[in-house]
Amino acid sequence: MPTRAYWQGQIRLALVSIPVEVYPATRSGAAISFHQIHEPTGKRIRYEKVAPGVGPVDRDEIIRGYEVSKDEYILLDDDEIEAAQVESRKTLDLVQFVEPS
């Protein structure tokens, strides 16, 4: 599996922008992933979204929430989550060169 850049951005020097990708210096070993299989039938087990005491729920009934204490949540819609995200410039400004010594 090819290594993925964990950061992409630009180095800017006056009017020149140089694209940059940052890669990890080490590589983890090859990962093996397994699926769960129902042994008697040989069929793959799927993840089903269920609510305790309710049963399976539709995807459009699911919202996100932040747990503030056990079983107490602050519910957030997509607009609220988007408004709370910090904007990343993904630009490194090169402000000066230094002597090699």
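Would you call Glu67 under 30 Å from Phe97 (Cα atoms), acidic (Asp, Glu) and either at pLDDT 85 or above or surrounded by 10 or more Cβ atoms within 10 Å (Cβ to Cβ) (or both)? Spelling it out, it is not the case that Glu67 is under 30 Å from Phe97 (Cα atoms), acidic (Asp, Glu) and either at pLDDT 85 or above or surrounded by 10 or more Cβ atoms within 10 Å (Cβ to Cβ) (or both). Determine whether Gln8 is among the polar types (S, T, N, Q), surrounded by 10 or more Cβ atoms within 10 Å (Cβ to Cβ) and either modelled with pLDDT of 85 or more or in a loop (DSSP other than H, G, I, E, B) (or both). Here the answer is yes, as Gln8 does meet what is asked.
Selection of region 17-56 for residues being closer than 30 Å to Leu94 by Cβ and either surrounded by 10 or more Cβ atoms within 10 Å (Cβ to Cβ) or modelled with pLDDT of 85 or more (or both) yields Ser17, Ile18, Pro19, Val20, Glu21, Val22, Tyr23, Pro24.
If a residue must be on the phi > 0 side of the Ramachandran plot and either aliphatic (A, V, I, L, M) or within 20 Å of the chain's Cα centre (by Cα) (or both), how many such residues does region 61-101 contain? Full working, then the answer.
Step one: list which residues in region 61-101 are on the phi > 0 side of the Ramachandran plot, which gives 71, 90.
Next cut, either aliphatic (A, V, I, L, M) or within 20 Å of the chain's Cα centre (by Cα) (or both) only: 90.
Selection size over region 61-101: 1.
Could we say that Leu76 is touching a residue at least 40 places away in the same chain (Cβ under 8 Å), surrounded by 10 or more Cβ atoms within 10 Å (Cβ to Cβ) and of a type outside the set (Lys, Arg) here? For Leu76, the condition - touching a residue at least 40 places away in the same chain (Cβ under 8 Å), surrounded by 10 or more Cβ atoms within 10 Å (Cβ to Cβ) and of a type outside the set (Lys, Arg) - is not met.
The values are calculated or read from the model by the stated rules, or taken from the named source; none is laboratory data. The model shown is predicted, which means the values in this text are computed figures rather than measured ones. Every residue, glycine among them, receives a Cβ derived from its backbone with ideal geometry; neighbour counts consider all protein chains shown.
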